[in-house]
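The values are calculated or read from the model by the stated rules, or taken from the named source; none is laboratory data. Note that the coordinates shown come from a computational prediction; the quantities given were computed from them, not determined experimentally. Here the Cβ positions follow ideal geometry from the backbone for every residue, glycine too, while neighbour counts run over all protein chains shown.
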Amino acid sequence: MMAINIPVHRGRIKSARIAPILFCLATLGTLAAANAASLSDGLYRAEQAARGAETYRAVCSSCHALDLRGNSNSPGLRGIGFLFIWEGRGLGELYTKMRSTMPTDNPGSLTEREYLDLLAFLLERNGYPAGNTELANVSGELETVVISAAGGN
């Protein structure tokens, strides 16, 4: 972490020297936010979500229900139940959680493609639009995508 020395004169910050630093930091934050992918950008393909639906039915539905609403032992994966747990958190965090804990009887047993397909299916069922590229876990890009209610349910 880089330390920033702020010029101080008689207990007061010299604003003329600090203003350019603050401007640069604010600009970097704005650029990062502008370049971050959004769930409304269509981060998966419809075909990928269809593959995920097949895997979901075979592997996940016994615990999370066919309609993704969950039950007393498993959380819902769509609508308000999904957003209650995941809103404001990163898509990469959800992906990592799926890979490390699901299915509960054999965590990590699916291929990377199957987990990504499942994630695409969850996005589709939560009203986020499909796009022209497959959802992928490249260079931590999933970490920059924040789950929000903007996609609909």
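Return yes when GLU143 is in contact with a helix residue (DSSP H, G or I) (Cβ under 6 Å, 6 or more places away or on another chain) and assigned to a helix (DSSP H, G or I) and no when it is not. Before you say what the answer is, go through the steps one by one.
Working: in contact with a helix residue (DSSP H, G or I) (Cβ under 6 Å, 6 or more places away or on another chain): yes; assigned to a helix (DSSP H, G or I): yes.
Yes: the conditions hold for GLU143.
With ASN126, ASN73, ASN132, ASN35 as the choices, which residue is at pLDDT 95 or above and loosely packed, with under 11 Cβ neighbours inside 10 Å?
Values: ASN126 fails: loosely packed, with under 11 Cβ neighbours inside 10 Å; ASN73 fails: at pLDDT 95 or above; ASN35 fails: at pLDDT 95 or above.
Criteria check complete, one pass: ASN132.
So which residues in the stretch 126-153 are among the β-branched types (Val, Ile, Thr) and either in contact with a Phe, Trp or Tyr (Cβ under 6 Å, 6 or more places away or on another chain) or under 16 Å from SER61 (Cα atoms) (or both), if there are any at all? Reasoning before the result, please.
Of the stretch 126-153, the ones among the β-branched types (Val, Ile, Thr) are 133, 138, 144-147.
Once the filter is applied, which keeps residues that are among the β-branched types (Val, Ile, Thr) and either in contact with a Phe, Trp or Tyr (Cβ under 6 Å, 6 or more places away or on another chain) or under 16 Å from SER61 (Cα atoms) (or both), the stretch 126-153 yields only ILE147.
Scan VAL59, VAL138 and give me the residue that is modelled with pLDDT under 95 and on the phi < 0 side of the Ramachandran plot. Steps first, please.
Values: VAL59 fails: modelled with pLDDT under 95.
Answer to the selection: VAL138.
If the requirement is being loosely packed, with under 11 Cβ neighbours inside 10 Å and at pLDDT 95 or above, which of these qualifies: THR30, THR111? Step through it out loud before you land on a result.
Numbers: THR30 fails: at pLDDT 95 or above.
Step by step, each of THR30, THR111 is checked, and only THR111 is loosely packed, with under 11 Cβ neighbours inside 10 Å and at pLDDT 95 or above.
Return the total of residues in the stretch 76-91 being part of a loop (DSSP other than H, G, I, E, B), surrounded by 15 or more Cβ atoms within 10 Å (Cβ to Cβ) and in contact (Cβ under 8 Å) with a residue 40 or more places away in the chain. Spell out how you get there, then give the answer.
First pass over the stretch 76-91, keeping only residues part of a loop (DSSP other than H, G, I, E, B): 76-78, 87-89.
Within this subset, residues satisfying the condition of being surrounded by 15 or more Cβ atoms within 10 Å (Cβ to Cβ) are 76-78.
Still in the list and also in contact (Cβ under 8 Å) with a residue 40 or more places away in the chain: 77-78.
Number of matching residues: 2.
Quick check on this structure: which one of LEU94, LEU66, LEU110, LEU123 is touching a Phe, Trp or Tyr at 6+ places or on another chain (Cβ under 9 Å) and in a loop (DSSP other than H, G, I, E, B)? Lay out the reasoning, then the answer.
Working: LEU94 fails: in a loop (DSSP other than H, G, I, E, B); LEU110 fails: touching a Phe, Trp or Tyr at 6+ places or on another chain (Cβ under 9 Å); LEU123 fails: in a loop (DSSP other than H, G, I, E, B).
Just a single option satisfies the conditions, and that option is LEU66.
Any idea which of ALA50, ALA65, ALA3, ALA16 is modelled with pLDDT of 95 or more, hydrophobic (A, V, I, L, M, F, W, C) and either exposed (fewer than 10 other Cβ atoms within 10 Å of the Cβ) or in contact with a helix residue (DSSP H, G or I) (Cβ under 9 Å, 6 or more places away or on another chain) (or both)?
Numbers: ALA65 fails: either exposed (fewer than 10 other Cβ atoms within 10 Å of the Cβ) or in contact with a helix residue (DSSP H, G or I) (Cβ under 9 Å, 6 or more places away or on another chain) (or both); ALA3 fails: modelled with pLDDT of 95 or more; ALA16 fails: modelled with pLDDT of 95 or more.
After applying the criteria, what remains is ALA50.
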